[in-house]
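As structure tokens, the structure follows; a few thoughts come after it.
Computed from the coordinates by the stated procedures, all read-outs in this text should not be read as laboratory data. Predicted model only: the values in this text are computed from it and were never measured. Please note: Cβ atoms are built from the backbone with ideal geometry, for glycine as well, and neighbour counts cover all protein chains shown.
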């Protein structure tokens, strides 16, 4: 699923020259605080068994707070894909104002 | 708090962040909604994969039971909050760098 998202969105980096990976520091600065909040929610949900994972279908590596490795990757890959998407929209619709134009 | 309650809260927080705290007002931008329209079908696809194969399972007591393409409706709220808050921070960081340069 994660690989699918990477394949599905990261081609935008090359095809539409969205240059998100080249601005990885800005991307990570935007993602880190949000990912932190969502990971705390994830930890709470896992601890209270709101959701649970099939042990046979995950790698089985757990990070801090008993969160599977896939979840950590999820909160990096999905936001990156979202940023690439909005930058791709910007690249196609150059006259649309988003708010950070130079 | 249940998954339903937290996901609604997350959307409210993301909306307040975008409109009143960070003030990127992405909710008023065509570029944001176009990006979201691109992201949402992919979210349905990946969520469908994760839930229909029982990779992720949910406690029926903490969700409403409404499902879209096998995934709980709450996932849509969760995804919206994640995407809106990350993009709001991303655009805000872009604003700052363009302000520094001018």
task: Quickly run through the stretch B:42-62 and pick out the residues that are more than 30 Å from residue A:98 (Cα to Cα) and within 8 Å of another protein chain (Cβ to nearest Cβ).
output: B:49, B:50, B:53, B:54, B:55, B:56, B:57, B:58, B:59, B:62
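Please determine, by comparing only the residues of the stretch A:82-102 that are under 17 Å from residue B:41 (Cα atoms) and within 7 Å of chain B (Cβ to nearest Cβ), which one is farthest from the chain's Cα centre (by Cα). First the steps, then the outcome.
Step one: of the stretch A:82-102, the residues under 17 Å from residue B:41 (Cα atoms) are A:82-86, A:88-89.
Next, only the ones that are within 7 Å of chain B (Cβ to nearest Cβ) stay: A:82-83, A:85-86, A:89.
Values: A:82: 7, A:83: 8, A:85: 11, A:86: 13, A:89: 17 Å.
Top of the filtered list is A:89.
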statement: Within the stretch A:54-83, the count of residues that are within 17 Å of residue B:53 (Cα to Cα), surrounded by fewer than 18 Cβ atoms within 10 Å (Cβ to Cβ) and touching a helix residue (DSSP H, G or I) at 6+ places or on another chain (Cβ under 7 Å) comes to 2
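Considering only the stretch B:26-41, how many residues are in contact with a helix residue (DSSP H, G or I) (Cβ under 6 Å, 6 or more places away or on another chain), more than 17 Å from residue A:33 (Cβ to Cβ) and at the interface with another protein chain (Cβ under 10 Å from one of its Cβ atoms)?
Keep residues of the stretch B:26-41 that are in contact with a helix residue (DSSP H, G or I) (Cβ under 6 Å, 6 or more places away or on another chain), which gives B:26-27, B:31-32, B:34-35, B:38-39.
Among the residues that remain, those that are also more than 17 Å from residue A:33 (Cβ to Cβ) are: B:27, B:31-32, B:34-35, B:38-39.
So of that shortlist, the ones also at the interface with another protein chain (Cβ under 10 Å from one of its Cβ atoms) come out as B:31-32, B:34-35, B:38-39.
Residues meeting the conditions: 6.
So for the stretch A:13-21 (the condition being buried (at least 18 other Cβ atoms within 10 Å of the Cβ) and out of contact with any strand residue (DSSP E or B) (no Cβ under 9 Å at 6 or more places or on another chain)), does at least one residue qualify?
Applying the first criterion (buried (at least 18 other Cβ atoms within 10 Å of the Cβ)) to the stretch A:13-21 yields A:18, A:20.
Filter again for out of contact with any strand residue (DSSP E or B) (no Cβ under 9 Å at 6 or more places or on another chain), leaving A:18, A:20.
Yes, there is a match, as at least one residue in the stretch A:13-21 is buried (at least 18 other Cβ atoms within 10 Å of the Cβ) and out of contact with any strand residue (DSSP E or B) (no Cβ under 9 Å at 6 or more places or on another chain).
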